[in-house]
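One structure below.
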Amino acid sequence: MLIDDKTAEKFAEYMNKYPKLYESLAKITQENIPKSLNRPFIVDLGVGPGFLPLGIHRLIPDAYIAGIDPVPKMLELAKKHALEHDFKKFEAVLAVAENIPLKSNSTDMVVSRFSLTFWEKPDEGLTEIRRILKPGGRVILETLNRDCPKWKLFFIKLHMLLNAAGKEAINYHIDSYKYAYSADQVEKLIRDANLKIIKKDGNKGEWKNLFIAEKNLNK
């Protein structure tokens with residue numbers, strides 16, 4: 001499900017109001033990068049308007065981050081925000097999860113915030129993640145929860161309305177749940193990709209789940 005330019009812009013405007021959402025995931029990313037790794041190479045898969053890389057950059061200034069997204073407007077916004085913050089170790093890459101234009105065993109960390117919902121073939125996307133990760137490299141997935149109750153989605157929509165998100169951003173976010181996966185489905189996809197789950201957080205009634213998985217050190 002690709003989005004048009006107006007929706008991308010409205011989504012960026014709305015999410016810019018909530019930096020703590022990105023700061024939290026940036027902190028988790030920092031905690032999962034070995035302290036001995038001075039200049040990690042991190043991929044933000046589904047980078048959107050580029051707020052997560054900025055959060056990671058603040059915590060890990062020497063990290064090089066590639067932001068991958070299939071939507072040109074999102075990459076344009078991500079590059080704009082990186083330039084505004086003088087973030088020179090950022091590269092925007094137009095690509096899909098199922099075909100990541102990076103070498104095998106080249107990446108220390110892959111982070112993805114809610115993009116799994118939009119992958120055409122999530123099994124192939126996770127296989128690609130495993131391919132590009134170095135042995136011992138980790139993937140952090142924040143995923144929308146298909147089992148989030150409808151009453152909770154109603155209040156999310158109401159909150160967005162009251163905060164002037166705009167109908168484009170509201171429809172984009174709420175419609176995303178139609179294509180979301182349950183925690184059990186995500187866990188199976190990760191295991192089928194031969195990645196070892198080392199942490200999972202969330203329950204059936206929450207609006208999102210978190211998974212952290214690792215590529216085997218010997219492969």
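Some notes on this structure:
- Residues of segment 189-219 classified as touching a residue at least 40 places away in the same chain (Cβ under 8 Å), out of contact with any Asp or Glu (no Cβ under 8 Å at 6 or more places or on another chain) and not in a helix (DSSP H, G or I), total: 12
- Just one of (1) touching a helix residue (DSSP H, G or I) at 6+ places or on another chain (Cβ under 6 Å); (2) touching a residue at least 40 places away in the same chain (Cβ under 8 Å); (3) closer than 27 Å to Lys35 by Cβ fails for Ala92. It is (3).
- Among the residues making up segment 175-198, those that are within 17 Å of the chain's Cα centre (by Cα), modelled with pLDDT under 95 and not polar (S, T, N, Q) are Tyr177, Tyr179, Ala180, Tyr181, Ala183.
- Screening Ala165 with (1) modelled with pLDDT under 80; (2) in a helix (DSSP H, G or I); (3) within 28 Å of Glu9 (Cβ to Cβ) gives one miss only, at (2).
- Answer from Tyr22, Tyr18, Tyr14 - the residue that is in contact with a His (Cβ under 9 Å, 6 or more places away or on another chain) and of a type in the set (Ser, Thr, Tyr): Tyr14
The values are calculated or read from the model by the stated rules, or taken from the named source; none is laboratory data. A quick note: this is a predicted structure, and the numbers were derived from the prediction, not measured. Heads up, the Cβs are rebuilt from the backbone with ideal geometry, glycines too, and the neighbour counts pull from every protein chain shown.
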